1. Show which lysines lie in cross-link reach of Lys39 when reach means a straight Cα distance below 25 angstrom and same-chain residues fewer than eight apart are skipped.
2. Of Ala79, Ala104, Ala53, which is the most mobile in a GNM of the chain whose springs link Cα atoms less than 10 angstrom apart?
3. Starting at the first residue of the stretch 55-60, write each ³J(HN,Hα) from the Karplus equation 6.51 cos²θ - 1.76 cosθ + 1.60 with θ = phi - 60°, in whole Hz, x for Gly and Pro.
4. How long is the gain from Arg58 to Tyr112 if the chain were fully straight, where each residue apart is worth 0.36 nm and the alpha carbon distance is subtracted?
5. Order the peptides 60-73, 24-37 from the highest to the lowest mean number of other Cβ atoms within 10 Å of their residues.
6. For a Förster distance of 41 Å, can you work out the FRET efficiency between the beta-carbons of Ala32 and Trp100, rounded to the nearest 0.05?
7. Going out from 0 in 10 Å bins, what whole percent of all Cα-Cα distances in the stretch 3-92 drops into each bin?
8. Considering only Phe51, Phe98, Phe75, give the residue with the highest GNM mean-square fluctuation for the chain, with springs between Cα atoms whenever their separation is below 10 Å.
Amino acid sequence: MKLSAGKFLSEMKKIEQMLVNNLDAEGSSFTAKVVRVQKQVPKGVGEKLSFLADLYDRIRNGEKPDPADLKQAGFWINAVWPYVSNGAQRGLGNRSRFIWIVLAIAALAVAYYFLH
């Protein structure tokens with residue numbers, strides 16, 4: 001997932017909300033919530049959440065994120081998503097709509113080719 005700082009912040013807000021709703025994480029900050037759920041998730045997921053929490057705090061404090069960190073954060077967000085969302089799949093959003101439009105156009109082209 002390609003991320004900008006704004007997109008990263010919005011994704012982290014979604015993850016924070018899921019931590020509260022699905023894992024009963026309580027705390028005043030995202031880092032406190034991550035510490036609270038460390039024993040409920042596998043060790044690797046906890047480490048990824050810690051990395052994301054650190055990056056989230058740095059960006060919120062005004063630090064400009066390194067592009068490599070944002071790229072890594074995209075991978076980690078995709079990795080922790082199944083654990084914090086209780087297995088719910090991410091929606092494709094506009095990409096899904098685009099795929100269906102392309103398939104519909106292809107089906108119409110094939111039908112026109114054989115019927116004409």
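1. Lys13, Lys14, Lys48
2. Maximum among the listed residues: Ala104.
3. 5, 4, 5, 5, 5, 5
4. On the way: separation 54, 0.36 × 54 = 19.44 nm, distance 5.62 nm.
Taking Arg58 through Tyr112 to full extension adds about 13.8 nm, to one decimal.
5. Values: 60-73: 12.6, 24-37: 16.0.
Taking the mean over residues of other Cβ atoms within 10 Å, the ranking is 24-37, 60-73.
6. Working: r = 42 Å, r/R0 = 1.02.
Result of the calculation: an efficiency of 0.45.
7. 17, 56, 26, 1
8. Its mean-square fluctuation being the largest, the pick is Phe98.
The numbers here are math on the coordinates, done by the rules we state, and not lab data. Remember, it's a predicted structure, so these values are computed and weren't measured experimentally. Neighbour counts are summed over all protein chains in view; Cβ atoms, including those assigned to glycine, are modelled from backbone coordinates with ideal geometry.
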